[in-house]
Amino acid sequence: MELKNIDNKMHLEFMSKSTNEGFARAVVAAFAAQLDPTLEELADIKTAVSEGVTNAIIHGYGTSAGTVHIDGEISGKTLVIIITDYGKGIDDLSQAVQPLFTSAPEMERSGMGFTVMETFMDSMDVESTPGVGTTVRLSKTIGKNH
Amino acid sequence: MELKNIDNKMHLEFMSKSTNEGFARAVVAAFAAQLDPTLEELADIKTAVSEGVTNAIIHGYGTSAGTVHIDGEISGKTLVIIITDYGKGIDDLSQAVQPLFTSAPEMERSGMGFTVMETFMDSMDVESTPGVGTTVRLSKTIGKNH
Amino acid sequence: MQIQLQMKGRTLVAKLTGDLDHHSAKTVKDMLESAIVNQSAQNLVFDFSGLSFMDSSGIGVILGRYKFIHSMGGQVTIASKNKTVNRLIAMSGIERLISVYDSVELAVNSVQGGK
Amino acid sequence: MQIQLQMKGRTLVAKLTGDLDHHSAKTVKDMLESAIVNQSAQNLVFDFSGLSFMDSSGIGVILGRYKFIHSMGGQVTIASKNKTVNRLIAMSGIERLISVYDSVELAVNSVQGGK
Ligand SMILES: Nc1ncnc2c1ncn2[C@@H]1O[C@H](COP(=O)(O)OP(=O)(O)O)[C@@H](O)[C@H]1O
Ligand SMILES: Nc1ncnc2c1ncn2[C@@H]1O[C@H](COP(=O)(O)OP(=O)(O)O)[C@@H](O)[C@H]1O
């Protein structure tokens, strides 16, 4: 059983276009700012969000039009960010999260996206259904290391 | 008949809390940044958004919990921002938009919110249904005065 | 929002740093009210040189303090070079009651009758 | 994203300013590729001192240029003091191929064999 009081909540939707990667980072950074993160914590969060959003745009939707969804939640000092796409989904999830695995080497992808999200945040959970879409849930508690 | 090609689109929802006024300004500013506005144009947009969001929070929802919605749209050099609440609505709309009219003088409201939105943006349209909610549609074309 | 308070003679100079919106208005109001009373300030100068943002909630804060100071026979002025803030002030009509100056020095001098 | 290109001997120094993400990666890739060919650059130094953001798309850009330069017998180094960027680089394992230095000078000297 998990109990939590949600102090603040936001939901964002935007078109699956690469111009919106920077926009998504700015939105999550502005939301996280309420927790008074250090510059390094904020950089970690922005980097992780950038990975998730880029994946939704290039792997989830690719050349087809779509909408990326981000949910943000603050409970106490903990930030939860959920990135969802209704794109093509991931067939082999345990392979996908391996460091250096990429299905798009021709796009110069490094296969480090999931590894970055996992390392820069406290937790990462991925749910994906082929043909339906992908949800990445990231969380980070601010002020742990100071 | 109005025809337009939408270049970018976003939708934001957040809790009706005054902490989110600054968040909403930051989100719209980050979205508008794609249009390369001058600092003054950006300040105008942020001020107008702040008025609309503050109204939704204090007049629309007041002490009851609610969600504020913002839609953003970019077509060419034109930014459209739509702020919606599902709060108490406005009985007398033509009175409400008068400069200096406020129903909350005890909160030190100045009654200038609608006037600011109208002046700082190119257009403002308000739709409100008592007991249902209020929608304010603001638009501004960037680069008009330079 | 940060507020720095300073007495110059019988004039309270309040320097606001950050965003003056509905969210911060209540704090600003409370801090100014208690400072005016505790320091027996006669006049009030708003120093907006550190303000990064203001909306019409700021107009309410200015006007509220003006009413109190004015009822005691004092004066209120504003130091602001911020274009958007100054447009807001002009638009609201409070310029007829409260003058806006380029610098804190000019704003203070004006309420103290050039002394 | 802005790119400033400069030749130091046979080394191309590329200073990136702004955000290096998937959105800007393609432009950076194209500009570096044509500069390397046009200037007959042997080595490449990434100057990340002006970088405000980088994610794993940047790793792809670095690795892609490394492969090309390396196949021609040249070397790639990076000048970066940005903590988050350096953690990304370390995490990706490319540090085994590409050294990271505190300054452009050190990064250039290293590929030019201390000359
Ligand atoms: N949202 C997504 N939708 C579909 N496939 C995805 C998604 N996110 C990741 N993947 C798959 O997982 C792989 C690994 O992702 P990642 O670690 O981020 O590396 P990269 O983006 O560099 O390929 C991707 O190459 C892709 O095949
Ligand atoms: N979203 C809203 N929901 C309900 N009432 C509103 C809303 N927005 C504005 N109003 C009404 O219109 C009046 C005028 O609004 P405005 O010009 O912004 O001035 P102020 O916010 O200072 O009162 C408000 O006092 C309120 O009665």
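Mean separation of Cα pairs under 8 Å and 6+ residues apart, divided by the residue count of segment C:1-97: what relative contact order is that in percent?
Working: 151 pairs, mean separation 27.4, N = 97.
It comes to 28 percent, rounded to a whole number.
Give the average, rounded to an integer, of partner chain Cβ atoms located within 10 angstrom of each Cβ in B:111-118.
On the way: counts 4, 12, 5, 1, 4, 7, 2, 0.
Averaged over the peptide's residues, the number is 4.
Counting from the shortest, the label point at D:Gln39, 7 Å from Cα toward Cβ, is 5.7 nm from the same position in each remaining copy. Annotation: extensible slack from B:Asn5 through B:Ser139 equals 46.7 nm (criterion: 0.36 nm per residue apart, minus Cα-Cα distance). When only alpha carbons are used to place a centre, segment D:17-61 and segment A:5-52 end up 24 Å from one another. The phi-based Karplus calculation (6.51 cos²θ - 1.76 cosθ + 1.60; θ = phi - 60°) puts the 3J(HN,Hα) values of segment B:131-138 at x, 10, x, 9, 10, 10, 10, 10 Hz, whole numbers, x for Gly and Pro.
Using a Förster distance of 56 angstrom, determine the FRET efficiency expected from the C-beta separation of A:Asp92 and C:Lys26, and round it to 0.05. Can you show the working numbers first?
On the way: r = 54 Å, r/R0 = 0.97.
According to the calculation, E is roughly 0.55.
Sequentially through segment D:91-96, phi angles give Karplus couplings (6.51, -1.76, 1.60; θ = phi - 60°) of 4, 7, x, 6, 4, 5 Hz, Gly and Pro residues having no value and appearing as x. Inter-copy label distances at B:Pro99, shortest first and taken from points set 7 Å along Cα to Cβ: 6.4 nm. Neighbour counting of Cβ atoms within 10 Å sorts the residues C:Leu63, C:Leu97, fewest neighbours leading, into C:Leu97, C:Leu63. Extending 7 Å from the Cα toward the beta-carbon at both D:His70 and A:Glu13 defines two label points whose distance is 4.4 nm.
Which of the pairs A:Lys88/A:Lys144; D:Lys29/D:Lys83; C:Lys29/C:Lys83; A:Lys4/D:Lys81; B:Lys46/B:Lys144 have their Cα atoms more than 29 Å apart in this structure? Exceeds cut-off: A:Lys88/A:Lys144; A:Lys4/D:Lys81. Sorted from closest to farthest, the other copies place their A:Lys4 label points 3.7 nm away, with each point set 7 Å from Cα along Cα→Cβ.
Note on D:Asn38 and B:Glu106: the model spin-label points, each 7 Å out from Cα along the C-beta direction, lie 7.0 nm apart. Residues A:Val28, C:Val76 in ascending order of nearby Cβ atoms (within 10 Å, fewest first): C:Val76, A:Val28. Close amide H pairs (under 5 Å, H built 1.01 Å from N) link A:Ser75 with A:Asp7, A:Val80, residues at least 5 positions away or on another chain.
Considering only the protein assembly as shown, what is the antiparallel percent among its DSSP beta bridges, to the nearest 5?
On the way: 79 of 110 bridges.
In the protein assembly as shown, DSSP labels about 70 percent of beta bridges as antiparallel.
Whole-Hz Karplus values for segment A:70-82 come out as 10, 10, x, 9, 10, 10, x, 9, 9, 9, 10, 10, 10 Hz, taken residue by residue from phi with 6.51 cos²θ - 1.76 cosθ + 1.60 and θ = phi - 60°; glycine and proline positions read x. Between A:Ser75 and B:Asp122, the simple label model (points 7 Å from Cα in the Cβ direction) yields a spacing of 4.5 nm. Over all other residues within a Cβ to Cβ distance under 10 Å of A:Val53, the charged ones net out to -4, with Lys and Arg as +1 and Asp and Glu as -1. Within the shell of other residues whose beta carbon sits under 10 angstrom from the beta carbon of D:Gln4, the net charge comes to 0, with Lys and Arg scored +1 and Asp and Glu -1. Taking Lys and Arg as +1 and Asp and Glu as -1, the other residues whose beta-carbon sits under 12 Å from that of B:Ile142 total -2. Of the three principal axes defined by the Cα atoms of the protein assembly as shown, the extents in descending order read 83, 55, 54 Å.
Could you work out [θ]222 nm for the protein assembly as shown from helices alone, using -39500 (n - 2.57) per DSSP H run of at least four and dividing by all its residues? Round to the nearest 500 deg cm²/dmol.
Numbers: 16 runs with 186 residues, N = 522.
After summing the helix terms and dividing by residue count, I get -11000 deg cm²/dmol.
Per residue of peptide B:6-17, the mean number of Cβ atoms on other chains within 10 Å of the residue Cβ is 5.
Since every read-out is calculated from the coordinates, none of them should be taken as a lab result. Nothing here was measured: the structure is a model prediction, and the numbers come from that model. No Cβ is skipped: glycine too gets one built from the backbone with ideal geometry, and neighbour counts run over all protein chains shown.
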